[in-house]
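A short write-up of the structure that comes next.
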Ligand SMILES: [Zn+2]
Ligand SMILES: [Zn+2]
């Protein structure tokens, strides 16, 4: 089990800035171009996994509560950005810290003034067992970036236009040569003058402080279809962060967590529950009332039923996701109730039964012993 906080060498309550700077430091230390130790590559990949998880609020919350396995269960990818290989250290820093559209690893920016797609957002949503079975409409509050209505996304005050950065000529990148004990490195880094935007905004819009986007809280109604389960994902198109320079907005991905039911267990679209049966019911058979997701229903218990035998109510399970005319089944697992705390009358009846079954009278000592056996 890897501890992401330990890997980055940070406290559990570390801020994003602390995570970023810890990652920068460690990535420099362990990048396989620099560090030739045999485990450097693995350490570097681990760093990527830790960074990616802890920089994403939803992933981090899931990781804090349920660990790496929890991430997997929730449908998050636990592979890091370098698991399929790692690039040049400078490219990595650029794509991580270049300042374009959040911290996605996928949106590597080449032209800082070209369209930048907005980042997808994730929302973990916990729902009741019954809500997952029958579907539900949920109102959720989310915060995402929207195009600033004051400046229309330019980031510049009305009447002013950002100028092309003289340092980088609008590319957002500059070349540097750094001398290190391992030789000199030609680095392409984010332009320090314009922070990679390629523009100098001398009159930034007051509302968005020059970013062109503002954090906005929205209430969305999410239609959760019948049959979802923990890990099911619902995509809301373009409800993620808005893009820049005409780029497409990201999506909002809602990841469902279903609370446990106190009585039913779910496996796919089938439900399971225990069915307590007394010895006489097991011997003679009975019709019993059982709880189902639709409410009480009658279930026939055949005579001579055994412990752990499964009785099934067809179609009383969970509706199939995407095809609600079909439903799973509800299975009842027979549990024979131990004959505890027998009354005098019950004891007499069991004695009688014993005499018939075994062709002899039980000793009183045996009755006590039998009670113990039946307990188990
Ligand atoms: Zn510049
Ligand atoms: Zn603005």
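Below, the figures for the structure above:
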quantity	calculated
Residue 166, sole failed condition from (1) exposed (fewer than 12 other Cβ atoms within 10 Å of the Cβ); (2) more than 8 Å from ligand 1 (Cβ to nearest atom); (3) assigned to a loop (DSSP other than H, G, I, E, B)	(2)
Among (1) surrounded by fewer than 20 Cβ atoms within 10 Å (Cβ to Cβ); (2) more than 30 Å from residue 325 (Cβ to Cβ); (3) away from ligand 1 (no atom under 16 Å from the Cβ) - the single one residue 233 does not satisfy	(2)
Odd one out for residue 156, checked against (1) out of contact with any strand residue (DSSP E or B) (no Cβ under 6 Å at 6 or more places or on another chain); (2) within 16 Å of ligand 2 (Cβ to nearest atom); (3) modelled with pLDDT under 90	(3)
Residue match in the range 126-141 (condition: in contact (Cβ under 8 Å) with a residue 40 or more places away in the chain, touching a strand residue (DSSP E or B) at 6+ places or on another chain (Cβ under 6 Å), within 12 Å of ligand 2 (Cβ to nearest atom) and assigned to a loop (DSSP other than H, G, I, E, B))	no
Within the range 210-298, strands (runs of 3 or more DSSP E) holding 2 or more residues that are in contact with a strand residue (DSSP E or B) (Cβ under 7 Å, 6 or more places away or on another chain) and under 30 Å from residue 336 (Cβ atoms)	270-277, 286-292
Out of 244, 199, sole residue that is under 26 Å from residue 158 (Cβ atoms), within 16 Å of ligand 1 (Cβ to nearest atom) and touching a residue at least 60 places away in the same chain (Cβ under 8 Å)	199
Per-region count, the range 300-324, residues surrounded by 15 or more Cβ atoms within 10 Å (Cβ to Cβ) and either more than 9 Å from residue 226 (Cα to Cα) or touching a strand residue (DSSP E or B) at 6+ places or on another chain (Cβ under 6 Å) (or both)	9
Count - residues of the range 299-328 that are in contact (Cβ under 8 Å) with a residue 60 or more places away in the chain and either in a loop (DSSP other than H, G, I, E, B) or more than 29 Å from the chain's Cα centre (by Cα) (or both)	4
From the options 85, 114, residue that is farther than 29 Å from residue 13 by Cβ and modelled with pLDDT under 75	85
Qualifying residue in the range 167-179 (condition: within 16 Å of ligand 2 (Cβ to nearest atom), within 41 Å of the chain's Cα centre (by Cα) and under 20 Å from residue 243 (Cβ atoms))	no
Criterion (modelled with pLDDT under 90 and not assigned by TED's automatic domain parsing to the domain that holds residue 58) met by exactly one of 240, 198	198
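The values are calculated or read from the model by the stated rules, or taken from the named source; none is laboratory data. Please read all numbers here as calculations on a predicted model, not as lab measurements. A quick note on method: Cβ atoms are made from the backbone with ideal geometry, for glycine too, and the neighbour counts reach across all protein chains shown.
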